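K.L.:
Below are the structure tokens for one structure; questions will follow.
The values are calculated or read from the model by the stated rules, or taken from the named source; none is laboratory data. Predicted model only: the values in this text are computed from it and were never measured. Don't worry about glycine lacking a Cβ; one is built from the backbone with ideal geometry, like all the others, and counts go over all protein chains shown.
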Amino acid sequence: MLIPTFYVNAFTDRPFSGNPAAVCLLDSWLDDARLHKVAAENNLSATGFLLPRGKEYEIRWFTARCELKLCGHATLASGFVVLNLLTPEAEMIRFESRFHGTLTVEKSKTFHSLNFPALSPQPLGEIPNELALALSRMHLRASEVWEVNHIYMVVLEDQRAVQNMAPDPEAMLQVHPHAVLITARGEEADFVSRYFAPGYGISEDPATGSSHCALTPYWSRRLGKSRMHARQLSQRSGELWCEMAGDRVLLQSSAVLTMRGTLSI
């Protein structure tokens, strides 16, 4: 079986930055075990699998270890492939996902725009022991801790605390199935973040679209702004422009094709 495959850096306008994702075009769904193997072969933080259904596509996202319920950067990468390489005359594409319904990607002269569901973080009255231990081992002092969609969102005092933190993957592994999202008010950007999910095979994600579905509602309320500039402070870094639109979040950014070919399995 030959599978057309594309590598795309998402949430960036240049190579060697942002979050790389693989996009694989299928004629029919493979079994889950084989989808995991293909994702492992691609050896990136996520692989998006697309199955055409008329003018739309079904979409699923996999790592080598698990299926993801929502993945922003692989959706942006998939939209980039469809709108720029497969059907360049189109301006918008719909993806049908298993867990979050219809997701859309729209292109303009400047950005590609994701339309995702807004996720509402809930404050934690008491920090779980595993998370408290992880924060202690990383010498982090949280001003607030929230929980949403199996993510612990830890708010720190400033950008420098986020930028200078030294992650402890073994400690954060103990909070699995939760991931750990660190955020603070930004200096050049409205807010900054870093995202860690070692239990899912992602020690640190370079740029995470799905986490901004929770960050955007939180910072929109706190800053009193509906449109914000966000920066993810990983080594590769990522840039997003986030906007609240009712119960949806609009995430705008760029993407860059880095490789295309055919995977033989």
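K.L.:
Quick check on my filter: what residues within the range 104-154 are touching a strand residue (DSSP E or B) at 6+ places or on another chain (Cβ under 6 Å), assigned to a strand (DSSP E or B) and either at positive phi or of a type in the set (A, V, I, L, M) (or both)?
P.N.:
Across the range 104-154, the qualifying residues are VAL105, LEU114, VAL145, ILE151, MET153, VAL154.
K.L.:
Consider the range 1-37. How many of its residues are surrounded by fewer than 14 Cβ atoms within 10 Å (Cβ to Cβ) and not basic (Lys, Arg)?
P.N.:
So the count comes out to 10.
K.L.:
Does any residue of the range 215-229 turn out to be surrounded by 13 or more Cβ atoms within 10 Å (Cβ to Cβ), closer than 25 Å to VAL180 by Cα and in contact with a Gly (Cβ under 6 Å, 6 or more places away or on another chain)?
P.N.:
no
K.L.:
Also, quick follow-up: Would you check which residues across the range 251-262 are farther than 23 Å from VAL154 by Cα and buried (at least 16 other Cβ atoms within 10 Å of the Cβ) and list them?
P.N.:
If the condition is that a residue be farther than 23 Å from VAL154 by Cα and buried (at least 16 other Cβ atoms within 10 Å of the Cβ), then GLN252, SER253, SER254, ALA255, VAL256, LEU257 are the ones that fit.
K.L.:
A further question on this structure: At pLDDT below 95 and under 18 Å from SER203 (Cβ atoms): does that describe LEU70?
P.N.:
no
K.L.:
Being more than 21 Å from the chain's Cα centre (by Cα) and surrounded by 18 or more Cβ atoms within 10 Å (Cβ to Cβ) is the filter here, so list the residues in the range 98-137 that pass it.
P.N.:
LEU131, ALA134, LEU135
K.L.:
So which of LEU30, LEU51 ends up being of a type in the set (A, V, I, L, M), modelled with pLDDT of 95 or more and out of contact with any helix residue (DSSP H, G or I) (no Cβ under 9 Å at 6 or more places or on another chain)?
P.N.:
Criteria check complete, one pass: LEU51.
K.L.:
Within the range 147-154, identify whether any single residue is surrounded by 20 or more Cβ atoms within 10 Å (Cβ to Cβ), modelled with pLDDT of 95 or more and in contact with a Lys or Arg (Cβ under 6 Å, 6 or more places away or on another chain), and answer yes or no.
P.N.:
So far as the range 147-154 goes, no, none of its residues is surrounded by 20 or more Cβ atoms within 10 Å (Cβ to Cβ), modelled with pLDDT of 95 or more and in contact with a Lys or Arg (Cβ under 6 Å, 6 or more places away or on another chain).
K.L.:
Turning to a different aspect of this structure: Against the definition (of a type in the set (A, V, I, L, M), surrounded by fewer than 18 Cβ atoms within 10 Å (Cβ to Cβ) and without any contact (Cβ under 8 Å) to a residue 24 or more places away in the chain), how does ALA40 come out, yes or no? Spell out the reasoning first.
P.N.:
On the way: of a type in the set (A, V, I, L, M): yes; surrounded by fewer than 18 Cβ atoms within 10 Å (Cβ to Cβ): yes; without any contact (Cβ under 8 Å) to a residue 24 or more places away in the chain: no.
No, not satisfied.
K.L.:
For the range 22-54, how many residues meet the condition of being among the hydrophobic types (A, V, I, L, M, F, W, C), in a strand (DSSP E or B) and over 17 Å from LEU86 (Cα atoms)?
P.N.:
So the answer is 0.
K.L.:
Restricted to the range 231-250, and to residues that are under 14 Å from the mean Cα position of the chain (by Cα) and more than 21 Å from PRO15 (Cβ to Cβ), which residue is surrounded by the fewest Cβ atoms within 10 Å (Cβ to Cβ)?
P.N.:
Checking each candidate, the answer is LEU250.
K.L.:
Related question: Scan the range 111-135 for residues that are touching a residue at least 40 places away in the same chain (Cβ under 8 Å) and either under 30 Å from GLU58 (Cβ atoms) or of a type in the set (D, E, K, R) (or both) and report the count.
P.N.:
Within the range 111-135, residues that are touching a residue at least 40 places away in the same chain (Cβ under 8 Å) and either under 30 Å from GLU58 (Cβ atoms) or of a type in the set (D, E, K, R) (or both) number 12.
K.L.:
Please state which of the following conditions MET138 fails to meet, knowing it meets all the rest: (1) under 28 Å from TRP61 (Cα atoms); (2) touching a residue at least 24 places away in the same chain (Cβ under 8 Å).
P.N.:
Answer for MET138: the failing condition is (1).
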